[in-house]
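The values are calculated or read from the model by the stated rules, or taken from the named source; none is laboratory data. Worth saying up front: this structure is predicted, and the values here are computed from it rather than measured. With ideal geometry, Cβ positions are generated from the backbone for all residues, glycine too; neighbour counts draw on all protein chains shown.
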């Protein structure tokens, strides 16, 4: 079984490049107005549909849970190689877990994280406020506030 996401995009070319870097895959199908990624790791079918206008909920974000800590470093290197701006967090407590993660934003403004949980915690976020700041979340109040 795979999860299916269909995301609208105003720039199919830029979005395909972003998702190739994120998913480490080329589209399974590619047309002028549509692209489909089918990947086993993670189990995902992602369709990109070109539209003139796209509205993105900036309070939401998406993530890929890594199986090992090296996957975050590999994703960081892939993003850099693809020319994507990335925010890296190491040993940060966020969402009741100590994590390493890297964030990147797709061409339409959707925030994606690749993260590895080092250990579970009883603390929601770092006391210093470094977790879920505007740098990692468009709206602190909507997605990160206690």
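Look at the range 76-109 and say how many of its residues are part of a helix (DSSP H, G or I) and closer than 15 Å to residue 17 by Cβ. So that I can check it myself, show each step before the final result.
Step one: filter the range 76-109 for residues part of a helix (DSSP H, G or I), giving 76-81.
Keeping just the survivors that are closer than 15 Å to residue 17 by Cβ gives 78-81.
Within the range 76-109, residues that are part of a helix (DSSP H, G or I) and closer than 15 Å to residue 17 by Cβ number 4.
Here residue 72 meets the list (1) surrounded by 12 or more Cβ atoms within 10 Å (Cβ to Cβ); (2) part of a loop (DSSP other than H, G, I, E, B) almost entirely, failing just condition (2). Assessment of the range 72-88 against the conditions (modelled with pLDDT under 95 and more than 12 Å from residue 112 (Cα to Cα)) yields no matching residue.
Strands (runs of 3 or more DSSP E) fully within the range 1-54 that include at least 1 residues being in contact (Cβ under 8 Å) with a residue 60 or more places away in the chain, surrounded by 15 or more Cβ atoms within 10 Å (Cβ to Cβ) and touching a helix residue (DSSP H, G or I) at 6+ places or on another chain (Cβ under 6 Å): 3-9.
Criterion applied to 82, 86, 65, 75 was being touching a helix residue (DSSP H, G or I) at 6+ places or on another chain (Cβ under 7 Å) and in contact (Cβ under 8 Å) with a residue 24 or more places away in the chain, and the one residue passing it is 82.
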